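Shown next, in structure tokens, is the structure this report addresses.
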Amino acid sequence: MAEKIKIKVKCHACGNVMSGSAKYGKGHYVPDDFDFEFIATGKIISQGRSRVKGEVYITCPNCHVKNKYEI
């Protein structure tokens with residue numbers, strides 16, 4: 001079953017706001033709006049629901065700085 005990942009982040013260098021989403025499932029992801037690299041690092045289970053924990057790497061299209069975020 002695919003899980004929807006939504007992110008909205010600000011570039012560390014220039015302040016450009018980047019947003020996008022992807023579908024994650026069975027060890028791979030497919031970006032929908034904005035291209036970013038997602039690496040799953042674990043799973044969080046709380047109150048009977050599960051979420052994917054991971055790291056996101058985004059290269060800012062404005063200043064070309066590579067940003068890393070944990071989700």
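The values are calculated or read from the model by the stated rules, or taken from the named source; none is laboratory data. All values reported here derive from a predicted model rather than from experimental measurement. With ideal geometry, Cβ positions are generated from the backbone for all residues, glycine too; neighbour counts draw on all protein chains shown. Remember, those area values only see protein heavy atoms, side chains included, never the ligands or the DNA or RNA. Shrake-Rupley method; radii C 1.70, N 1.55, O 1.52, S 1.80 Å.
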Solvent-accessible area of Glu55 with every protein chain in place, 1.4 Å probe, in Å² to the nearest 10: 40
Label-to-label distance, nm, for residues given as Ser19 and Lys68 (7 Å Cα→Cβ offset): 2.7
Segment 11-24 - phi-based ³J(HN,Hα) in whole Hz, Karplus 6.51/-1.76/1.60, Gly and Pro as x: 5, 5, 8, 10, x, 5, 8, 10, 9, x, 8, 7, 9, 10
Proximal charge balance of Cys60 [Cβ under 10 Å; K/R count +1, D/E count -1]: +2
